[in-house]
Structure formats: C-alpha cells, structure tokens
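Undergrad: Sharing a structure below in structure tokens format, with a few things to ask.
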Amino acid sequence: MEAAQAQVVPDTTLPNNSIVKSEQENTIITGGTSTGANLFHSFSQFSVRKGENVYFDNPDRVDNIIMRVTGRNISNIDGLIRAAGNVNLYLLNPNGIHFGQNAVLDIKGSLYLTTAESWKFPDSHNTHTPPLLQVSAPIGIQWGSIGNIQIDADLSSKNLSLTANNITITSNLTSTGDINLDAKFINLNQAVIKSVQMGNINLQADFISIANGSKLINNNTVDTNGGDITVSANNKLTIIGAKTGLFTDTTSNSVTNGGNIFLKAPTVEITDKARVTVSSQGSGKSGNLKLVSDNLTIEGGTLSAKTATDGGNLNVYAYSLLTLRDNATISTVSIGKGNGANINVQAGFILVNSNGDNDITTNVVQNSGGKIRILSNAIFGLEIRRVPTERSNDISVTSQNNGYSNIDITTLNIDPNRGVTELPISIVDVSKQINQTCSNQATANRFIIVGRGGLPLNTTEALSLNSGWIDWRRVDKEDNNSLDVSKQNQLVEANEWKVENGQITLVANHSTSPNVQKPNCRLGRHLHGRVSRLEQSAVGGTELNITSTQ
C-alpha cells in the first residue's frame, strides 16, 4: 500500500522556487530563495497529515526559514515538522493554521505563526510581493483578511508567537523565551502556557478567556530572574475555574527575583476559585501584581502574593466598581524580613456581598510591611477587624508590630442610610389647621358666605342645604325701593346693630355714633339665624337682617 503524501505543493512566485521531494512518509524540502541569513519558501498548499514527516534541509548559514501559503486552504498540521540547525521557523497562511493533537515540532529556534496578509520587513517589502529578498527577519505584520489559529498539540520552542483573528489553545505551550499571543479573541481551554527561563508571556486581544484549568506560568531558575506575565484586553478579561490561574514564582533555593503580573481590561472577572498569584520562595524578591480595570468582579476568586523577602505587593485599581462575593479574597503574606506584602486598592465604589467570607487581609510574620491602603468613594459590606473571622467580610492586618494601625482607609463617608427624613405614617387633616377666629391685627379682611344655610358653628360641620331664602324687608312705598344702580352694587361695611322683637339688624351708616356698640367677628358663631339679604337703605345705610330660630 502506497504511503500518503504530505500536502506540500510549491508555487512559482520566487526567483528560486522551493523543491519538494517525497519518499514514502517523508517529505524533504530544499531550494527556495536565500538572502543573507533568510531562506524564503512559497507554497500553494502546506499541510502535514498524521504520521507524515516534513523536513527542511536548509544550509547551515540560514537562521530563518520564512514560508507563506498563497492558496486558499488552511494549513492542517498533524504530523512532524523538522528543520536543520538552530533555525527559526515562520509560517504565514491568511486562511488559517491548525496544529492537531498529533502534531510535533522539532526545531531548536523559535516558532512564528500568523494568519495576517503579509509580513513587513525593514526595507518595507512584504512577503506577498516579489522579490521577497530581505536581509533580516520580519519586524511586523500587515493585516488583511485573516483566519484563525488553533493549537491542540503540545509544542515547545525558544520563542513562540501567534497572530490571528481568533486564537484557541487546548494544549501545552512551553518556551525558554517569550510567548506572544495577539488576536481579536483569545480562548484558552485546558491550556498551559509556560515560560521557564527569563521569558515574558504577553496576551493582547479584544476579548480574552482563560478557563477550565488553563494556566499562565512564569517560573525562574536558580540563577535567572523570572519573566513577567502581561494580559491586556480591550473589552473583557475572564479567568474562571478551580484550577485556572496566572502564576509567577521562584524556587526555594533561588537567589533571583520573581516575575510580575500585570492585568488590564475595562471589565475583569475572576470567578469560581480562579487564582492570580505572585510569589517567591527563595532569597530574591517576589514580583508584584497590578490589576487595572473599570469594573472588577472577584467571585470566589483570589488575588494573592507571598514573599520570603521584599516585594509581593498587590495594586488593584477599579475606577468604577469593585465587587467581592462568594468568598472572594485579596491577600498578601510575608514570611521573612523585608518590606513587602502591602495591599493598595483604589476603587470608585467597593461593594461586598454579605453572604460568604470576603476578605482583604495581609499576614506579616516579622517584617515591617503589611500595610493596607484603600481609597474609595464608599465601602459597603466590609468591616475593619483586628483578627479575621470566618463567615464575615474583613479588612485586617495580622502583624507583630501593631497591625491594626497599618490600615489606612479614605472614603467620602457616603452612607445611603444617613440624611433620610422619615415621613409620618398618618395623613394630616388640613381642616384642623384652619383658624376659626379672625386676626385682631387685620383691618381690611372680609368674610363672605355665598349660598344657603348660614354659617356653621364649626369648620368640620357641613353647610345645611334645607334652609331657604327668606326676605324680611318691609316695602312701604315703591319710590323708597327704587335705588340707584350704582348704589345697589356698592357694599358698605356694617358698623352697628339693633335688636327689636328678637330680630337683629346690622346697620352701616356714613356717620357712626360713638355710643353705639360695635359687633365683633365672633357674632356669627352666637347667632342661630339666617342671613336674609343685604341691601342699601334709602338714607345711605346697609341692613343685614338675621332672624333667630330660637
């Protein structure tokens, strides 16, 4: 049975084209166009099937093998790729790149994968434009229509760089140098990305998800400093899962420093027991952790630092809101002599769920560090305690040097329960607020009743609707009752009253006798009568007749 051949097909776009020779399951690639230490290959297809081997037989003077795919198929790599010497391998395929579970990489240099349209070289020529003859490695990429990169195989190289629209990793990537992932979407699912010697791990995307036991690990050796981990998302970063986390550490016998962790995104969520930790077990300094966000949610997750000497500080910035719930923890521990294990939190508001044990704590064994500084508009749900307690929300410092005084909290003292006036439950009866007497300071007030029934004794009583209008005027002569219209429309205030045969008459004269008794405004309250009519008399006075009902 004839062995399957790798799908490696050269094109004819180079001055010196690539040469592909197949021998059973082995495919040997020679030729290509050389310039300086770079060797260029161009293929219309480049895929490696399971069980197949592709070997680049390059000259010793070559440092970089740079290849591109000009066809429209993705590169499916599920076999072995090898290269002679210590070369770096560059693969560009705008359609996409997939390393299957059986893929194996055997190169001593670095691996660079991209689905961008082209690479940019120092003299501005691109890989998609002949002659492609450059004297140095690519310095950048030119975006166009881009595909995705998926890595399902365990890969190892000196430096590792992936650039694509979407990057999905479900395997282990190990590097002794830098690891760089750049995409719109980065999804790490049961993936372990590890740099073991001075290298940095950098993730840059719009959305980043680190989940299901995925880890970013940066450990140093005995005599080299650990590298940093930087994760930056333009929109959202999520770290979720019990065994998920970001870790920098040093070994117990190391004399060098641990790496730092820097996280930045408008929205950051650390949930379901995920951890972000910087630590140092040797005599070197621990790295520091810095997190910058607008909205930070820690739900059952942990931000922590542990140091045996200096370092191990946590700096958390949540400019709008910091939310802690479901046993969330921000903590530092210092077990040696040094000035570290400090916590600095700046947040617009800090909101802590009352259910669970949510803590901001530091534990200092013998050094002078272990300070907690919190700057916020308001803190809801946290209390300062000398000793942290279970099932409560604590801010505490455990230290031999008066740890309680190492807590510095600055807020605007906003308490939503303050300044609120409690309104009465009962409704005020406004009728009780009416004064039933006339003011003795007023001289121009008037009190007029229009309608039937007279004046009630009390303001709470209703006006009677049963009484009619009774005219008690005497008509002597027609001439005496023919009044001037202008005088009929004129109202004159009564200034005396008369009682005759049980009838009271109010009279207003232009000239008032000083001996006549003047009525007061309480007269109406003592008269159980009816107002009959107000009229202008023939002599210029006004009579108000009230008939008593008694």
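The values are calculated or read from the model by the stated rules, or taken from the named source; none is laboratory data. Just so it is clear, the model here is predicted, and its values are computed rather than measured. Here the Cβ is made from the backbone with ideal geometry for all residues, glycine too, and neighbour counts use every protein chain on show.
Undergrad: Within the range 383-398, can you find the residues that are assigned to a loop (DSSP other than H, G, I, E, B), free of Cβ contacts under 8 Å to residues at least 40 places away in the same chain and either of a type in the set (D, E, K, R) or under 13 Å from I330 (Cβ atoms) (or both)?
TA: Residues satisfying the conditions are R385, R386, P388, E390, R391.
Undergrad: Within the range 154-252, considering only strands (runs of 3 or more DSSP E) that don't extend past its boundaries, which have at least 1 residues that are closer than 25 Å to Y90 by Cα and not hydroxyl-bearing (S, T, Y)?
TA: Filter on the range 154-252 gives 155-157, 160-163, 166-169, 172-175, 179-182, 185-189, 192-195, 201-211, 215-219, 229-240.
Undergrad: Ok, one more. Taking the range 210-227 as the region of interest, how many residues are surrounded by fewer than 21 Cβ atoms within 10 Å (Cβ to Cβ) and over 27 Å from D326 (Cα atoms)?
TA: Of the residues in the range 210-227, 6 are surrounded by fewer than 21 Cβ atoms within 10 Å (Cβ to Cβ) and over 27 Å from D326 (Cα atoms).
Undergrad: List the number of the failed condition for Q346; all other conditions in (1) closer than 24 Å to S279 by Cα; (2) modelled with pLDDT under 95 hold.
TA: Condition (2) is where Q346 drops out.
Undergrad: Picking from L91, L105, which residue would you name as being crowded, with 21+ Cβ neighbours inside 10 Å and within 23 Å of I149 (Cβ to Cβ)?
TA: Being crowded, with 21+ Cβ neighbours inside 10 Å and within 23 Å of I149 (Cβ to Cβ) holds for just one of L91, L105, which is L91.
Undergrad: In the list Q7, Q45, which residue meets the criterion of being touching a Gly at 6+ places or on another chain (Cβ under 6 Å) and either surrounded by fewer than 23 Cβ atoms within 10 Å (Cβ to Cβ) or under 20 Å from V87 (Cα atoms) (or both)?
TA: Q45
Undergrad: Looking only at the range 250-289, which residues are of a type in the set (A, V, I, L, M, F, W, C) and either under 24 Å from N189 (Cα atoms) or in contact (Cβ under 8 Å) with a residue 40 or more places away in the chain (or both)?
TA: Listed by number, the residues that qualify are I261, F262, L263, A265, V268, I270, A274, V276, V278, L289.
Undergrad: In a strand (DSSP E or B) and of a type in the set (D, E): is that true of E299 in this structure?
TA: Considered against the rule, which asks whether it is in a strand (DSSP E or B) and of a type in the set (D, E), E299 comes out as yes.
Undergrad: Also: Residues in the range 97-113: is at least one among the hydroxyl-bearing types (S, T, Y), under 50 Å from the mean Cα position of the chain (by Cα) and on the phi < 0 side of the Ramachandran plot?
TA: Yes: the range 97-113 contains one or more residues that are among the hydroxyl-bearing types (S, T, Y), under 50 Å from the mean Cα position of the chain (by Cα) and on the phi < 0 side of the Ramachandran plot.
Undergrad: Further, regarding this structure: Within the range 308-353, can you find the residues that are in a loop (DSSP other than H, G, I, E, B), touching a Lys or Arg at 6+ places or on another chain (Cβ under 9 Å) and more than 20 Å from T248 (Cα to Cα)?
TA: Answer for the range 308-353, where residues must be in a loop (DSSP other than H, G, I, E, B), touching a Lys or Arg at 6+ places or on another chain (Cβ under 9 Å) and more than 20 Å from T248 (Cα to Cα): N327, N353.
Undergrad: Follow-up. Can you find, within the range 249-258, the residue that is modelled with the lowest pLDDT among those that are buried (at least 22 other Cβ atoms within 10 Å of the Cβ) and either among the small types (G, A, S) or in contact with a helix residue (DSSP H, G or I) (Cβ under 8 Å, 6 or more places away or on another chain) (or both)?
TA: If we take residues in the range 249-258 being buried (at least 22 other Cβ atoms within 10 Å of the Cβ) and either among the small types (G, A, S) or in contact with a helix residue (DSSP H, G or I) (Cβ under 8 Å, 6 or more places away or on another chain) (or both), then S254 is modelled with the lowest pLDDT.
Undergrad: Assess whether V292 counts as being of a type outside the set (D, E), within 21 Å of G177 (Cβ to Cβ), in a strand (DSSP E or B) and without any contact (Cβ under 8 Å) to a residue 40 or more places away in the chain.
TA: In short, no.
Undergrad: So which residues in the range 265-286 are under 20 Å from I239 (Cα atoms) and surrounded by 24 or more Cβ atoms within 10 Å (Cβ to Cβ), if there are any at all?
TA: Correct list: A265, V268, I270, A274, V276, V278.
Undergrad: Go through I261, I298 for me and flag whichever is among the aliphatic types (A, V, I, L, M), surrounded by 20 or more Cβ atoms within 10 Å (Cβ to Cβ) and under 19 Å from N363 (Cβ atoms).
TA: I298
Undergrad: Is it the case that N202 is touching a residue at least 24 places away in the same chain (Cβ under 8 Å) and surrounded by fewer than 24 Cβ atoms within 10 Å (Cβ to Cβ)?
TA: So N202 fits the description; yes.
Undergrad: For N102, which of the numbered conditions (1) modelled with pLDDT under 95; (2) out of contact with any strand residue (DSSP E or B) (no Cβ under 7 Å at 6 or more places or on another chain) fails to hold?
TA: For N102, the failing item is (1).
Undergrad: Turning to a different aspect of this structure: Tell me which residues, restricted to the range 65-88, are within 16 Å of A153 (Cα to Cα) and buried (at least 18 other Cβ atoms within 10 Å of the Cβ).
TA: S75, N76, I77, D78, G79, L80, I81
Undergrad: To continue, here is another question. From the list S354, S304, S392, which one is over 19 Å from D408 (Cβ atoms), touching a strand residue (DSSP E or B) at 6+ places or on another chain (Cβ under 8 Å), surrounded by fewer than 16 Cβ atoms within 10 Å (Cβ to Cβ) and at pLDDT below 95?
TA: S392
Undergrad: Does any residue in the range 9-32 that is without any contact (Cβ under 8 Å) to a residue 24 or more places away in the chain come within less than 9 Å, Cβ to Cβ, of a residue that is of a type in the set (D, E, K, R) and loosely packed, with under 15 Cβ neighbours inside 10 Å six or more places away or on a different chain, and which pairs are these?
TA: Correct list of pairs: Q24/E2.
Undergrad: Would you point out which residue out of L322, L246 is under 17 Å from V196 (Cα atoms), buried (at least 22 other Cβ atoms within 10 Å of the Cβ) and at pLDDT 95 or above?
TA: L246
Undergrad: Report yes if some residue within the range 367-376 is hydrophobic (A, V, I, L, M, F, W, C), part of a loop (DSSP other than H, G, I, E, B) and crowded, with 20+ Cβ neighbours inside 10 Å; otherwise report no.
TA: no
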